[in-house]
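Values quoted throughout were computed directly from the atomic coordinates according to the rules given, and no laboratory measurement underlies them. These figures come from a predicted structure and were not determined experimentally. Cβ placement follows ideal geometry from the backbone for every residue including glycine, while neighbour counts extend to all protein chains displayed.
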Amino acid sequence: MIHFYQKKFFNAKFISNFASLKLRTNNYQILKQIMVTQREKEIILYKLKKSSNYDLTNYAAKSIIRRIERFIINENISSSELLLKLSDDNGFADNLVENITVNTTDLFRDPDIWTFLRLNVLNRLAEKNKINIWLAGVSKGQEVYSLMMLLNELSLLEKSHIIATDINQKVLDEAKKGEYKYRHNLDYLSNFDKVIKKNPLNHTETFDVDYNKYFEINKEKDIIKMKDILLKKAVFIKHDLVIDNTPNYSKFDLIICRNVLIYFNEILQAEVLKKFHNSLFEKSFLLLGIHESILGESSSLFTKKGKIYIKQEII
Ligand SMILES: C[S@@+](CC[C@H](N)C(=O)[O-])C[C@H]1O[C@@H](n2cnc3c(N)ncnc32)[C@H](O)[C@@H]1O
């Protein structure tokens, strides 16, 4: 809830300070001159929340401020115009959120984690009749395709129900297509080799798996395109971890949410972890990014075993 003095601040100081900052250039030097303060960030996010369904008020301050500054420059608008557009233009909130959230991802990103998953999690899920998996914050989907290839190599793809979500419809539309620039993704092949071709129990042994089994590479068109076996499997849904309930399935055997919580503050991290806890079967698995860990009160919800968190029942 924003207080009255903040509104006054918005009307007077904020608009006058920024009206002069309308930019007609993409010169990133100017980024240094655009300083969005903590208070100004709060006003923008308050306005965003009021005019749309997005609530980014509990995102980590530093990164969100940097992204707002960059957005102001890229859109070639002043901050006061940004606030006006949030009131007037329905699509503008989507545009803002799509631009201030970070979408970096990769196929088999952090390859060691996939080998760990293969040996310590997916093997254990193999005995189940049906495996429910939720990947939250999947960006353009490379993470989903990585998982599906691994599941298929373990003969688990058919019985897996996979739901992939993100707050950003634009990246989900790209994810659904499963088509990526080849030259941006040269690590794909070496990561694929590490995760899919190497026997995780004996590194001198390799499995003979053709890239062609899962994707087509067209070097001339500079495209790498996932094959139907993968494209048909995952369900991509727009879902906001801040405001939405658990998607579709009642409970999951595995939730993968990597490099998303890192952008949230402690309050929001705790709320989302509670959601994940409620959405998992007992003793089921939660995988976070390699730089993310569960601290504070939420740590009683999960036990960490190697790189994976296991749901604990709360007594
Ligand atoms: C850095 S990417 C991580 C992609 C992938 N998980 C990985 O590790 O490669 C973060 C993703 O989280 C999404 N995101 C941010 N806030 C979200 C929210 N409230 N609900 C769902 N997704 C969100 C962003 O749109 C973005 O696609």
* Structure fact -> Per GNM of the chain with C-alpha springs under 10 angstrom, the most fluctuating residue out of Ile267, Ile224, Ile72 is Ile267
* **Pairs of lysine residues in the range 218-303 - Cα separation under 16 Å, sequence separation of 8 or more or cross-chain** => 6
* To do: Take the Cα atoms of the chain, build their convex hull, and give its volume per residue in Å³.
  => 159
* Asked: By how many nm would the segment from Lys159 to Ile290 lengthen if fully extended, with 0.36 nm per residue of separation less the alpha-carbon distance?
  -> 44.4 nm
* Structure fact -> Summing -39500 (n - 2.57) over every DSSP H run of at least 4 in the chain, dividing by its residue total and rounding to the nearest 500, the 222 nm mean residue ellipticity is -10000 deg cm²/dmol
* In which sequence would Met35, Met148 go, from the one with the fewest C-beta neighbours within 10 Å to the one with the most? -> Met35, Met148
* Where Cα atoms sit under 26 Å apart: lysine pairs in the range 105-185 separated by 8 or more or lying on different chains -> 13
* What is the sum of charges around Ala234, taking Lys and Arg as +1, Asp and Glu as -1, for the other residues whose C-beta is under 11 Å from the C-beta of Ala234? -> +2
* To do: Report the percentage of all Cα-Cα pairs in the range 179-315 whose separation exceeds 19 Å, rounded to a whole percent.
  => 64
* Structure fact -> So the FRET efficiency between Val102 and Thr204, C-beta based with R0 = 35 Å and rounded to 0.05, is 0.35
* Asked: Can you tell me the Rg and Dmax of the range 72-220, counting just the alpha carbons, in angstroms?
  -> 19.1, 61
